[in-house]
Amino acid sequence: MNSHTAQHDVLAELGDKVQAAVAQSVAAARADLSEYRELRPAWVAEHSEGGLANWIHDRVWSHLMHQLDGEPDVTVVDQEPTRSFRIGTRYLVRVKRHGPGDKISTYPTQTALQFYLQGVQTRFPGMDEIRLVAGYLWDPETRAVGDAVISMRDGLDNVVWSVVVDVDPGSGAVGIRPVPTEPTPPTLEFPDAGRVGEEE
């Protein structure tokens, strides 16, 4: 599989609305964490890593469900401990934080590990289900929510591709760029069309 072609094709099929929803949900959760730190700094400081990750996940998920509410092609599965959403018949997405090196953590149950494998047949012959991970970059040293990200894996630690996704506040256009391997100033390329802003 050509990973560059796969990335382009997958993101095109997801569409700007879904990509924008991921970006806006992460931005809103980042603002929630900032407000939480202002109101209850001691509580945030006392959070375990897992506890804070769960708190942020709940905020991202809540905002994402609000952003995607009413989208006809989106089906939500919210049955703890599994939360995912399906886009059309082909894409299944879970929300996870991405650590340094694009690492994600999960309880290594068979079901969880199978989620990250590609090539699962759908009900439609010749069409494989594609599993994606949407979420955010996490800085463990500063405990900060970074950029929104969408990644595709074939196995938990085998990243096929990963991109940062953002929305231009002026035009509403969605922009993507590779996940940085080291800290660099952010630069985004946005298309001319502002379809996301118009649809919202």
What residues of the stretch 136-167 lie in the reach of a label at D9, counting those whose backbone N is under 17 Å from a point 7 Å from the Cα along Cα→Cβ?
152-154, 160-162
Within 10 Å of each candidate Cβ there may be at most 15 other Cβ atoms; applying that plus a DSSP loop requirement, which trypsin sites (Lys or Arg not before Pro) in the stretch 19-88 survive?
none
Give me the accessible area of Y91, 1.4 Å probe, in Å² rounded to the nearest 10.
10
With DNA, RNA and ligands ignored, accessible area of E38 (1.4 Å probe; Å², nearest 10)
140
FRET efficiency, A112 to E38 (Cβ-Cβ, R0 22 Å, nearest 0.05):
0.05
What number comes out for the charge environment of L137, summing +1 per Lys or Arg and -1 per Asp or Glu over other residues with Cβ under 9 Å away?
-2
Simple spin-label model, 7 Å along Cα-to-Cβ: S48 to D73 in nm?
4.0
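The values are calculated or read from the model by the stated rules, or taken from the named source; none is laboratory data. Note that this is a predicted model, so its numbers are computed, not measured. Glycine also receives a Cβ, built like all others from the backbone with ideal geometry; neighbour counts cover every protein chain displayed. Note: areas computed on protein heavy atoms with side chains; ligands, DNA, RNA excluded. Shrake-Rupley method; radii C 1.70, N 1.55, O 1.52, S 1.80 Å.
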